[in-house]
Structures are given as C-alpha cells and as structure tokens.
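Working notes, structure below.
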Amino acid sequence: MSYAKVHAAGVSGVTGVLVDVEADVALGMPQLVVSGLPDAALHEARDRVRAALVNAGEEWPQRRMTVNLRPATVRKQGSSFDLGIAVAILGGAGRLPLAALDGVALIGELGLDGMIRPVRGVLPMVMAAARAGLTQAIVPQANAAEAALVPGVRVKAASSLNAVMSYVRDGVELPAALPALTPDSRPQLDLAEVVGQEHAKVALEVAAAGGHHLSLLGPPGAGKTMLAARLPGLLPPLDDRAALEVTSLYSIAGRLAPGAGLVRHPPFQAPHHTTSTAALLGGGTGLARPGAISLAHRGVLFLDELPEFSRTALEALRQPLEEGSVRIGRSKDFVSYPARVQLVTAANPCPCARPGGDAFCECSPTVRRRYLGRLSGPLMDRIDLHVELFPVTSARLFAVDDLVETTETVARRVSAARSAAAERWRAYGWQVNAEAARSALRLPPSATADLRHRIDTGLLSARGYLRVLRVAWTLCDLAGADRPTREDVATALALRLGDLR
Ligand SMILES: [Zn+2]
C-alpha cells in the first residue's frame, strides 16, 4: 500500500477545521516532504514526527514520502496535526491497517519521545469533527474531558503514539473519556454585600439590562471593584451557542481547567494596568492566544485604575469594542477572535488616592486636572453610564439595612428587561439595547426636547445622543413600559453625564 488518508483537525479563529492528512509513500530518494503547512510549523512537525516514530520503536521508512494537508486554503496553525501525520505515514508505508480509523479524527502533538502532548483548541476541533459527520476522536489524555463536551462524538484518550498503534493494529482499547460533570462552581458574589452607593447599584442594573458600558469614579474603598465583579452575576447565563463559543476561546487559550465543564456564566476578566497590549488583545507565535478582551467575550472586561493603562493599550481597545471582534497579526496573516464585551472602567479621582476622598486629597489642582484628563477622549465617549462614588461613612457601614437587594432579585428584573428588549428588536436581530441602531430608537419630540437643545448648543455629541437614547429604552424596559418617557430620557442623560446621585 502506498497511499493513506486520515482525519486531523485544527482551528481557524475560534472555529475548528477538519483537515485531511494524505500520505503517499513511494520508491525513490528517502525523504519526507510535507505540504500544506506554514514553513516554520512544517519543519518542526517533520522533526517531531520523525523522532516520535523512531522512539516508539518504528523503523523510519526509507522511502520517498509526501504528506499533504488539505484543504490547502485553510491556514493551519499549531501542532495538532502531528498525530495524524505520523499515522498517515505508517498507513502509507503499509505498516498500519487504517480501517479502524474510518470516521475518526486524530488530534495531538507528538513529543520527541513518542508521547502525545496536549494542544490548545481541542474543543472547537472536535466540534468541527462532529459537524463533518465523524463519530470518534482520539485526543491527548489531558484534553479528553473538554473534547467529550461535544455531543455525538465518542472520545478516546491517548497518551502515546504506541497506545494509538496498539489500538489501530490490535484493537487494544483506549480509555474512553466522559464529559465533565463537575458543577460549574462560580464564586457567589452578591450585590447585597456592597454597602451604600445606591445610585451606583442602579447604574449597574441598567448596565446589565441594556448591555451598556459603565465607568466608575471614586476613592479607594468606595466599592468600585466590588460593584464591577458583581455585574456578571446580574447577567443571564450563556445559552448553548454562547457557552460553546466562550469555552472554545478558553480552550484555544489553554485556560480550561482539567475536567472543567462548559463555561455557562458570563466571564469576568480584570487585566492589571501593567498588562501588555498583546495580553489584552491576544497574540503570540503559532496558534495565537486570545487576549483578555476575548476571554471576556459575552461577559465583562473590567479595567481598574483606567488612567494608569498605557495610551497605546486604550487606543488598541477601541476597534474591538466597536466591532465585537479583535484582529490579531499583520495585514495578510491575521486571525480574528470574538470580543463582544461589556466594558467597566474604574478610576480614582486623583493620583494620591486617599480613601477618604476629596477632603483628604493632597494633589495640586493641576495634577488633578491632568490625571482626570486621561479619563476623556474616544474610549470614554463610548461609555454610556458614568457614575461617581462617594466615601462610605462609618454610620453607613454599620447601619442595619432591611432594604438591601440581593443579586437574585436584581437579576430577575434584568432578565425581564432583557426579554422585553430582545422581543422588540427581534426583527433586527439585536439582543440588547446597546446594539440598537439610531433609526430604530426614535422618540416623540416632546421626550427629547432637552437632548436636542444640548446638541444644538454643543453640550452633547451625536454619539452621546445615540447612547442616551439606548439607555432611555433600557430604563423603560426595566419599568415594564412601552416607550421611554421624558423622565427616562432625563435619567439616561444624568447617567451619561455622571450627574446621578
Ligand atoms: Zn489627590
């Protein structure tokens, strides 16, 4: 036998791609030619496959071997094709009968010692196998639980090339993997734990209900981080499609804990202000790692101490925030990852950051002005809700409050408001008011008189006007009304301007 074909898989963006590995083994000058891989990856794969085969006790075929990865049009990144290449070579050389591999995807990187090493992105790869009608996958042991999350595919875990050969040749079973059943134990952060700051809690609820971006300004200890971390708890759980998408991104990032199930809750990412732009947006050689903005996809990206972030980093966030996806790499050679996030920013009112607030500030007016100046500009203009927090007094801290609302109570209102919005925008395909286009948001002139006056006098930008209208619709949805009232518009404007107290 001189020709063999097996199935392998890779990823393109966040989507898995099924790849056919063909091997042709013929008489002639002994060599291995691999086509269909980018140059760097190709050399490495060739070296690994050769060493792994020899160290697994196989003789390296003294033949002219041609391996081709198809389709050629798909850009192939990463090392997940090694196992497929090794098995195809053995099949082509007539050393391995491949009948047992009908309908099976082979995924894994080979170590030089012949062991099978884990790869990133196994979940979307196995999803691609399922879409293509394959019924089985052989994957690295460490990736088996995540692979088993895909319905309709039987997953076998392999730790070495020898184990795979014994299975194919002699029917020695590989361990079957079962989907992880560990309950998704998300730390329960409750809104009831946040003392005071009622106006900020209102803004947080509005942000959750409409998918709006939120900025929090206030002294240390006022509860900015506590509030931001409680936003995901107010959002509805991810539906099946979103859960697979988010979990795929964590799989590609290599961030899925062993045995973890699907990510079912909106994620929360809080990159430090010293985080590099690459770590924020994604990057790296080979299979690009999704950055914080993609790991926060369908959830919350929290930027604490916003003025401390580099201008370059903040500048770089603009495009992904606008488009809901991030492009990594150069013009010709790029990968795109989803990045639909809700942004929450936090900042101290001045660089000295005294917990007591303005009364204890030691900064000069110039220093304060310069610092706050960093909070203006295009990124802040894209934030719908601006809230100022005040120092929490001891009286407030020790007061017994019977009216404190829990996350569960608020999340119920958020869910009802989101349903109303999704129902209204169904024909447009928008899920939340933050996605709604201007033409759909029109209100009677009586409700928007004040807004128009502000535009005419230069106090409100066109973008600001649109964002105020969206928030007004969210306030209306939270109130269970049909249309925003003049008061809703006024409240939305106060939220935009940071005037809500
Ligand atoms: Zn100060």
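If the Cβ limit is 8 Å and pairs must be 6+ apart or interchain, which residue in the range 314-326 that is on the phi > 0 side of the Ramachandran plot pairs with which residue that is hydrophobic (A, V, I, L, M, F, W, C)?
Going by the 8 Å Cβ cut-off, the qualifying pairs are G324/A339.
For the range 311-368, enumerate the residues that are closer than 14 Å to L217 by Cα and among the charged types (D, E, K, R).
Once the filter is applied, which keeps residues that are closer than 14 Å to L217 by Cα and among the charged types (D, E, K, R), the range 311-368 yields R354, D358, R368.
Please go through the range 3-39 and give me each residue that is more than 16 Å from A72 (Cβ to Cβ), of a type in the set (V, I, T) and surrounded by fewer than 21 Cβ atoms within 10 Å (Cβ to Cβ), ordered by number.
T15
In this structure, is E362 over 34 Å from the mean Cα position of the chain (by Cα), part of a loop (DSSP other than H, G, I, E, B) and modelled with pLDDT of 80 or more?
Considered against the rule, which asks whether it is over 34 Å from the mean Cα position of the chain (by Cα), part of a loop (DSSP other than H, G, I, E, B) and modelled with pLDDT of 80 or more, E362 comes out as yes.
How do the pairs read when you match residues in the range 351-370 that are within 7 Å of the ligand (Cβ to nearest atom) with residues anywhere that are among the acidic types (D, E) and in a loop (DSSP other than H, G, I, E, B), using Cβ under 6 Å and keeping only pairs 6 or more apart or on different chains?
Between residues of the range 351-370 that are within 7 Å of the ligand (Cβ to nearest atom) and residues that are among the acidic types (D, E) and in a loop (DSSP other than H, G, I, E, B), the close pairs are C352/E362.
Take the conditions over 10 Å from the mean Cα position of the chain (by Cα) and without any contact (Cβ under 8 Å) to a residue 40 or more places away in the chain and apply them to H273. Does it pass?
yes
Looking at the range 415-451 only, could you name the residues that are part of a helix (DSSP H, G or I) and touching a residue at least 60 places away in the same chain (Cβ under 8 Å)?
Hits for the range 415-451 are S415, A416, A417, R418, A420, A421, N433, A434, E435.
Of everything in the range 29-70 that's outside any loop (DSSP other than H, G, I, E, B) and among the basic types (K, R), which residue is nearest to G10 (Cα to Cα)?
R70
If a residue has to be surrounded by fewer than 13 Cβ atoms within 10 Å (Cβ to Cβ) and either within 11 Å of the ligand (Cβ to nearest atom) or among the hydroxyl-bearing types (S, T, Y) (or both) to count, how many in the range 371-382 make the cut?
Selection size over the range 371-382: 1.
Restricting to the range 238-296, what's the tally of residues that are closer than 30 Å to S419 by Cα, touching an Asp or Glu at 6+ places or on another chain (Cβ under 9 Å) and in a loop (DSSP other than H, G, I, E, B)?
Total meeting the criteria: 8.
Quick one: R318 ticks every box in (1) crowded, with 18+ Cβ neighbours inside 10 Å; (2) within 15 Å of L301 (Cα to Cα) bar one, so which box is it?
(1)
Output the number of the condition that G233 fails; it satisfies all remaining conditions of (1) in contact with a Ser or Thr (Cβ under 6 Å, 6 or more places away or on another chain); (2) under 24 Å from A130 (Cβ atoms).
Looking at each condition in turn, G233 falls short on (2).
Just checking, does the range 213-230 include any residue being among the small types (G, A, S), in a helix (DSSP H, G or I) and in contact (Cβ under 8 Å) with a residue 40 or more places away in the chain?
yes
Search the range 337-350 for residues that are farther than 23 Å from A278 by Cβ and at pLDDT below 95 and pair each with any residue that is assigned to a strand (DSSP E or B) and away from the ligand (no atom under 16 Å from the Cβ) when their beta-carbon atoms are under 8 Å apart and the residues are at least 6 apart or on different chains.
Taking only residues 6 or more apart or on different chains, the pairs are A347/S215; A347/L216.
Quick one: which residue in T247, T285, T345 is farther than 24 Å from R120 by Cβ and polar (S, T, N, Q)?
On inspection, the qualifying residue turns out to be T345.
Taking the stated definitions as given, is L134 among the aliphatic types (A, V, I, L, M) and buried (at least 18 other Cβ atoms within 10 Å of the Cβ)?
So L134 fits the description; yes.
The values are calculated or read from the model by the stated rules, or taken from the named source; none is laboratory data. These numbers come from a predicted model, not from an experiment. With ideal geometry, Cβ positions are generated from the backbone for all residues, glycine too; neighbour counts draw on all protein chains shown.
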